[in-house]
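S.K.: Quick one: the structure is below, and I'll ask about it shortly.
The values are calculated or read from the model by the stated rules, or taken from the named source; none is laboratory data. Owing to the predicted nature of the structure, the values given are computational and were not obtained by experimental measurement. Ideal geometry is used to build each Cβ from the backbone, glycine not excepted, and the neighbour counts take in all protein chains shown.
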Amino acid sequence: MNLLTDDFISTTQGKISLKTLLTSDTNYQLQYAFDEIELAMLQMLSSLSTVVLKPSLDELIDYITNGLTADKYEQLLNKTELQWFEDNCFMRSAFPKGEKPADAPITKMLSGIECGTSADASGLFSDTSSAEIICSDCSHVLNYNLHMNIKGECFGPTGATGIRGGGAVSTLIAGKDLKTTILSNTIAIDFFDLYRDVGQTNNECMWQEHHAMTGDIYYAHKIGLPRGLFALAYHISFPVLDKTCICDVCGQSSSNSIKEFKRLKYKGSYGSTKNGRDGGAKWWPHPFTPTTQKDGEVFPVCARDQHWQSWQNFTAYVLQQETDKATSIPAFIVSQYQELNKKLKEGHANILIGGNVAVKGTIKGRLYDLYSMPSHWDKDLERVTKVIDSGLQVKDKLSQALNKIFGVGYDKNFVGGIKNTAINQYTSNAQQIIQQLLLDVDRKEARVLRKEALLALKNAAKSIYQEIMRKYQNDLPLFKALVKGEKILLAVEKIKS
Ligand SMILES: [Zn+2]
């Protein structure tokens, strides 16, 4: 099987190839049992598409607008070194002689299931029996996901941290159908070069080399685009059994099956780790990763805890923002789309935020949130940012109001617990309110959206607060403090719409 020519992508209409996906007019839908794998598939397919198309910004605009013919795909394929995308070598470098790899059941490749040996890696939120056997086609996306999206700590001492740092949030462009989505997340070579502004880089994929990745520090400035898009952190293999199965990941029947994998971590460090940063590796600008810059260092944005909701950071995913502490920088793919959007006639696209919520070695949750965006990003982005801003302002007032209960003299953990529960509830309710409101982003002016957002969010905060007041009405000291706090909360009415 070759990932650039053969059918391995699971859709509701059976398995298709990258060529079919990019060149046919059928509106295919991906079919994977876990949204995490669907997200990894979008990342991997866009990266594969980059390797084949190697488009300039203008060519990319042409493909998105007028489509890509099968002939053109074949022509471009002729200029690609196909052999490195065969299933026996893609993202799989050979094990060094004399070192013994670790074995693990395939279950461990899905986050939220895997349990490392460290004390922190014990969280389960998916059933282990839901991924015990897979088809060989799906081993590629699981491998890609391991390298790009799973934290090394999840594997304890045998875990490695990949080029994105593991556990980083991804922002992707969501087009009107799967084909447009993959094309919109394909990287324009000229625009990326302009963005990076570095000299000669190594463009070979890491599994092309006989002695893959020796050395302690993997310097970002030496890593070219294809190399970085599929950067490795493990030597890996998936023993294939000559036995039929129904794949637990894609649901399709297969003539072969895989139940376990072997891995051995690379010893050097990328700029995504402390070791790498200390050694001067620097951050490699992974195109799907929003980052923050602090004291000259770059860090990928990660989901903070299981109560964190993506809306709170959304503005930073689409606009560069500076605070006194740090600068947040949108992912390259978002900047690229802003550029494309200026020239596309029918440029409407939304943003998909995805990733794992990783706390130390444990994956506590997953993110998979779709945000509606205005048709004209350059002039109408305010419609989105004003809605997000309303959510944050109301949250701030709710927090200030609840701070009053710290003055009662009760145990800090007790009152802190009341406050945290309330804030978590608000951020979770606000996530739905905001995503829902943004569905109207093209039909309503910024002013109207802001007004509607404020109204809905204020009501959400007030009803949470009233619930707490009801609960503690017989606890006089606490109740009095809540009454004082209520005045602060009611000041949400004065927030300008
Ligand atoms: Zn499968």
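S.K.: If you take just the helices (runs of 4 or more DSSP H) that sit entirely in the stretch 171-270, which of them hold at least 1 residues that are assigned by TED's automatic domain parsing to the domain that holds residue 311, touching a Pro at 6+ places or on another chain (Cβ under 8 Å) and in contact (Cβ under 8 Å) with a residue 24 or more places away in the chain? Break it down stepwise before answering.
M.R.: On the way: elements: 178-184, 189-196, 225-229.
Counting at least 1 such residues, we get 189-196, 225-229.
S.K.: Would you tally the residues in the stretch 129-163 being assigned to a helix (DSSP H, G or I) and either away from the ligand (no atom under 16 Å from the Cβ) or among the hydrophobic types (A, V, I, L, M, F, W, C) (or both)?
M.R.: Initial filter on the stretch 129-163 (assigned to a helix (DSSP H, G or I)): 129-130, 136-149, 152-158.
Narrowing further to those that are either away from the ligand (no atom under 16 Å from the Cβ) or among the hydrophobic types (A, V, I, L, M, F, W, C) (or both): 129, 138, 141-142, 146-149, 152-158.
The total comes to 15.
S.K.: Residues to consider are 10, 49; find the one that is under 13 Å from residue 140 (Cα atoms) and either among the polar types (S, T, N, Q) or out of contact with any helix residue (DSSP H, G or I) (no Cβ under 8 Å at 6 or more places or on another chain) (or both).
M.R.: Result: 10 is the single residue among 10, 49 that is under 13 Å from residue 140 (Cα atoms) and either among the polar types (S, T, N, Q) or out of contact with any helix residue (DSSP H, G or I) (no Cβ under 8 Å at 6 or more places or on another chain) (or both).
S.K.: Next up: For residues in the stretch 63-91 being of a type in the set (D, E, K, R) and loosely packed, with under 14 Cβ neighbours inside 10 Å, which is nearest to residue 237 (Cα to Cα)? Spell out the reasoning first.
M.R.: The initial filter retains those residues of the stretch 63-91 that are of a type in the set (D, E, K, R), namely 71-72, 74, 79, 81, 86-87.
When the remaining residues are screened for being loosely packed, with under 14 Cβ neighbours inside 10 Å, the result is 71, 74, 79, 81.
Numbers: 71: 34, 74: 30, 79: 28, 81: 22 Å.
Checking each candidate, the answer is 81.
S.K.: Applying the selection to the stretch 139-196, what residues are among the aromatic types (Phe, Trp, Tyr) and modelled with pLDDT under 95?
M.R.: Kept after step one, since they are among the aromatic types (Phe, Trp, Tyr), are these residues of the stretch 139-196: 144, 155, 191-192, 195.
The answer is 155, 195.
S.K.: If I ask for residues that are part of a loop (DSSP other than H, G, I, E, B), out of contact with any Pro (no Cβ under 7 Å at 6 or more places or on another chain) and surrounded by 13 or more Cβ atoms within 10 Å (Cβ to Cβ), which ones from the stretch 430-469 would you list?
M.R.: First pass over the stretch 430-469, keeping only residues part of a loop (DSSP other than H, G, I, E, B): 441-445.
Okay, now just the ones that are also out of contact with any Pro (no Cβ under 7 Å at 6 or more places or on another chain), so 443-445.
Hit for the stretch 430-469 is 444, nothing else.
S.K.: Condition first: β-branched (Val, Ile, Thr) and surrounded by 13 or more Cβ atoms within 10 Å (Cβ to Cβ). Now tell me which residues in the stretch 232-245 satisfy that. Please lay out each step first, then the result.
M.R.: Here is the first cut: in the stretch 232-245, the residues β-branched (Val, Ile, Thr) are 236, 240, 244.
Scanning the stretch 232-245 gives 236, 240.
S.K.: If a residue counts only when it is buried (at least 19 other Cβ atoms within 10 Å of the Cβ), which strands (runs of 3 or more DSSP E) contained entirely in the stretch 296-395 have at least 3 such residues? I'd like the intermediate steps shown before the answer.
M.R.: Details: elements: 297-300, 327-329, 350-359, 362-371.
Fully inside the stretch 296-395 and qualifying: 350-359, 362-371.
S.K.: Taking interchain pairs and intrachain pairs at least six residues apart, which have beta carbon atoms under 6 angstrom, with the first residue in the stretch 128-147 and over 14 Å from residue 245 (Cβ atoms) and aromatic (Phe, Trp, Tyr) and the second part of a helix (DSSP H, G or I) and more than 12 Å from the ligand (Cβ to nearest atom)?
M.R.: What qualifies is 144/40; 144/44.
S.K.: Against the conditions (1) in contact (Cβ under 8 Å) with a residue 60 or more places away in the chain; (2) more than 16 Å from the ligand (Cβ to nearest atom); (3) under 19 Å from residue 92 (Cα atoms), where does residue 282 fall short? Just the number, please.
M.R.: Against the list (1) in contact (Cβ under 8 Å) with a residue 60 or more places away in the chain; (2) more than 16 Å from the ligand (Cβ to nearest atom); (3) under 19 Å from residue 92 (Cα atoms), residue 282 comes up short only on (3).
S.K.: Which residue pairs have Cβ atoms under 8 Å apart, sit 6 or more places apart or on different chains, and have a first residue in the stretch 76-88 that is under 15 Å from residue 209 (Cα atoms) and a second that is assigned to a helix (DSSP H, G or I) and not aliphatic (A, V, I, L, M)?
M.R.: Here the result reads 84/207; 84/208, each pair linking the stretch 76-88 to a residue that is assigned to a helix (DSSP H, G or I) and not aliphatic (A, V, I, L, M).
S.K.: Identify the residue in the stretch 259-270 that is within 16 Å of the ligand (Cβ to nearest atom) and under 26 Å from the mean Cα position of the chain (by Cα) and, among all such residues, is farthest from residue 140 (Cα to Cα).
M.R.: First, the residues of the stretch 259-270 that are within 16 Å of the ligand (Cβ to nearest atom): 259-261.
Add one more test, that the residue is under 26 Å from the mean Cα position of the chain (by Cα), and what stays is 260-261.
Values: 260: 13, 261: 12 Å.
Only one residue fits best here, namely 260.
S.K.: Looking at the stretch 52-62, which of its residues are surrounded by 23 or more Cβ atoms within 10 Å (Cβ to Cβ) and farther than 18 Å from residue 24 by Cα?
M.R.: Passing the criteria: only 55.
S.K.: Hey, another quick one. Can you tell me which of (1) surrounded by fewer than 18 Cβ atoms within 10 Å (Cβ to Cβ); (2) in contact with a helix residue (DSSP H, G or I) (Cβ under 8 Å, 6 or more places away or on another chain) is the one residue 25 doesn't meet?
M.R.: Unmet condition: (2).
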